[in-house]
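Peer 1: This is the structure I want to talk about, given as structure tokens.
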Amino acid sequence: MKMLSAEEIVARARGDLRLGAPVIVIDGEAAAAVVAAEALRAGRLADMRALGPLDLAVTQRRAEILKSRAYDGDMARIALPESFGLREILAAADPALALSAPMAGPFIARREGGAAAQRMALKLAKSARLLPAVVAAPMAATAARRLAAEAGLTIVEAAMMGPAEAAGIDLALVSSARVPLSYAEDARVLVWRPASGEEEHYAIEIGAPDRAKPVLARLHSACFTGDLIGSLKCDCGPQLRAALTQIGAEGAGVLLYLNQEGRGIGLANKMRAYFLQDEGFDTVEANHRLGFEDDERDFRLGTEMLKRMGFAGVRLMTNNPGKVAAMEAAGLAVAERVPLIVGHTAHNVEYLATKARKSGHLL
């Protein structure tokens, strides 16, 4: 039997992190045993402490909130003193716990040693839709491999990260069927599965779009709250329905439904961001406090789906110039940006204003 592929190993590591199991990350001679901070339990923390001094690795965005120096540039390795228990660690990782478990501090970041292994771990946590914060026990690569063999831990090597990321946009069409819609009876749904093992994505094709012409299309990111339960905090649900209505009226087009909830951070983290918004932070500030960037989505997914469906150009329904730029950078010509100005409510005035002011949305 052949060895597991890079994408298979990374997919296994993502699952381990979500379970709260340790993962070994190795870059050259440097390595660390890491556990996702939000999945940490008291018994596991004791196991980790037995390995030696621990760090809490966080992104530069989260380090700023903790008033800790990001000596590693895009991240920080914060030394965890013995006095920090589970409660203090979780509060340092999750700002939504600030009221029930105030942060202890001070948070002193390490300067010495490399951070490549911990940086890998943060990428893994993000791809698992977890908070980008991991508890890490640094060690030499030899010791890490020995620990993995003894404890049955997954090992992720630095060289695996690139192929695993590429597999995330390597899409295979796994099924399709006709689905008559209220917007257009002549419609079908296509299900695309990434080779990385991450969430599937969907294409809703209405009519028979001419492959020789730019197709009317919408890249729509999944929004459970707006699309399914009618949330008034965003404009996603109205945009979804308006796009399908317009495509149906024209008789042909494609809506791509990408499973990148909460601008790519996942529903659990999106709810954390909503909690922070209720505390007075805007949507961008909330993402930063959680340790994320403004937008963690990968629009190459939509471009790949359209290419594999045979389209070379698009009339893109969006208010986000970033989507236009991303599609063109990925090799799909955008013949026209079609505005989609809908969904304004008394509850999302500040949200929409922030998207326009900070993210450049044309509203």
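Peer 1: Under a 1.4 Å probe, what is the accessible area of segment 1-91 per residue, stated in Å²? Numbers along the way, then the final one.
Peer 2: Numbers: 4300 Å² over 91 residues.
Normalised by residue count, the accessible surface of segment 1-91 is 47 Å².
Peer 1: Something else: At 7 Å along Cα-to-Cβ for each site, give me the label-to-label distance between residue 4 and residue 178 in nm.
Peer 2: Roughly 4.3 nm, to one decimal.
Peer 1: Something else: Between residue 83 and residue 143, what is the label-to-label distance in nm when each label sits 7 Å out along the Cα-to-Cβ direction?
Peer 2: About 2.6 nm separates the two model spin labels.
Peer 1: Where both residues lie in the chain, what percent of DSSP beta bridges are antiparallel, nearest 5? Let's see the in-between values first.
Peer 2: Details: 41 of 58 bridges.
Looking only at bridges with both residues in the chain, the antiparallel portion is about 70 percent.
Peer 1: Now for a separate question. Taking a 1.4 Å probe, which of 83, 221 shows the most accessible area, and what order do the others take after it? Write down the numbers at each step before the final one.
Peer 2: Values: 83 90, 221 15 Å².
Of 83, 221, the descending order of accessible area is 83, 221.
Peer 1: Turning to a different aspect of this structure: Report, in debye and to the nearest 20, how large the dipole of the chain comes out about its Cα centre when Lys and Arg carry +1 and Asp and Glu carry -1 on their Cβ. Display every interim value, and only then the final one.
Peer 2: Values: 43 positive and 43 negative charges, 12 e Å.
Value, rounded to 20: 60 debye.
Peer 1: Another question, then. For segment 1-52, which GluC sites (Glu not before Pro) pass both filters: DSSP loop (anything but H, G, I, E, B) and at most 13 other C-beta atoms within 10 Å? Could you put the intermediate results ahead of the total?
Peer 2: Values: sites: 7, 8, 29, 38; in loops: 29.
Those satisfying the criteria are 29.
Peer 1: Of 104, 53, 71, which is farthest towards the positive pole of segment 43-129's charge dipole, taken about the Cα centre with +1 and -1 on the beta-carbons of Lys, Arg and Asp, Glu respectively?
Peer 2: Checking the options against the dipole of segment 43-129, the answer is 71.
Peer 1: So, by mean Cβ neighbours within 10 angstrom, what's the order for 195-201, 43-49 with the highest one leading?
Peer 2: Numbers: 195-201: 18.6, 43-49: 14.6.
Going from most to least packed, we get 195-201, 43-49.
Peer 1: I've got another one for you. Could you tell me the center-to-center distance, by alpha carbons, between segment 288-303 and segment 133-203 in angstrom?
Peer 2: Using only Cα atoms to place each centre, the spacing works out to 16 Å.
Peer 1: Let me ask something additional. Explain nothing, just the number: dipole magnitude of segment 261-363 about its Cα centre with +1 on each Lys and Arg Cβ and -1 on each Asp and Glu Cβ, in debye rounded to the nearest 20.
Peer 2: 360 debye
Peer 1: Please report, to one decimal in angstroms, the Kirkwood hydrodynamic radius of segment 65-104 built from all distinct Cα-Cα pairs. Display every interim value, and only then the final one.
Peer 2: On the way: mean 1/r = 0.0911 Å⁻¹.
Taking the inverse mean of 1/r over all distinct Cα pairs, segment 65-104 comes out at 11.0 Å.
Peer 1: In addition: Rounded to the nearest 20 Debye, what is the dipole magnitude of segment 1-56 about its Cα centre when Lys and Arg each give +1 and Asp and Glu each give -1 at the C-beta?
Peer 2: Value, rounded to 20: 260 debye.
Peer 1: Answer with one residue from 331, 265, 319: the one whose Cα lies farthest towards the positive end of the charge dipole of segment 239-363, charges on Cβ with Lys, Arg +1 and Asp, Glu -1.
Peer 2: It is 331.
Peer 1: How many Å² of accessible area per residue for segment 208-363, probe 1.4 Å? Could the numbers behind the result be given before it?
Peer 2: On the way: 6170 Å² over 156 residues.
Roughly 40 Å² per residue, with all protein chains present.
Peer 1: If you take every residue apart from residue 21 with its C-beta less than 13 Å away from the C-beta of residue 21, what net charge results, scoring Lys and Arg +1 and Asp and Glu -1? Walk me through the numbers on the way to the answer.
Peer 2: Details: positive: 12, 14, 18, 41, 44; negative: 16, 47.
Local net charge: +3.
Peer 1: If you don't mind, there's one more thing I want to ask. Enumerate lysine pairs in the chain that are 8 or more residues apart or on different chains, then count those whose Cα atoms are under 16 Å apart.
Peer 2: On the way: 126/270; 213/307; 233/270; 233/355; 270/355; 307/323; 323/355; 323/358.
Going through the chain pair by pair, I get 8.
Peer 1: So, taking all protein chains as they sit and a 1.4 Å probe, how much accessible area belongs to residue 338, in Å² rounded to tens?
Peer 2: Result for residue 338: roughly 10 Å² accessible.
Peer 1: Please find the FRET efficiency linking residue 158 to residue 213, where r is the Cβ-Cβ separation and R0 is fixed at 35 Å, and quote it to the nearest 0.05. Mind dumping the intermediate values first?
Peer 2: Details: r = 44 Å, r/R0 = 1.26.
Using R0 = 35 Å, I get an efficiency of 0.20.
Peer 1: Computed from the coordinates I sent, Rg/Rh (Cα atoms, Kirkwood Rh) equals one of (1) 1.01; (2) 0.98; (3) 0.94. Tell me the label.
Peer 2: Checked against the structure: label (1).
Peer 1: Also: I'd like the FRET efficiency for residue 50 and residue 350, computed as 1/(1 + (r/R0)^6) with the beta carbon distance as r and R0 of 51 Å, rounded to 0.05.
Peer 2: For residue 50 and residue 350, the calculated efficiency is 0.60.
The values are calculated or read from the model by the stated rules, or taken from the named source; none is laboratory data. Keep in mind it's a predicted model, so treat the numbers as computed, not measured. Neighbour counts run over all protein chains shown; Cβ positions are idealised from the backbone, glycine included. When the accessible area is computed, the model is the full protein with side chains, heavy atoms only, and any ligands, DNA or RNA have been set aside. Shrake-Rupley method; radii C 1.70, N 1.55, O 1.52, S 1.80 Å.
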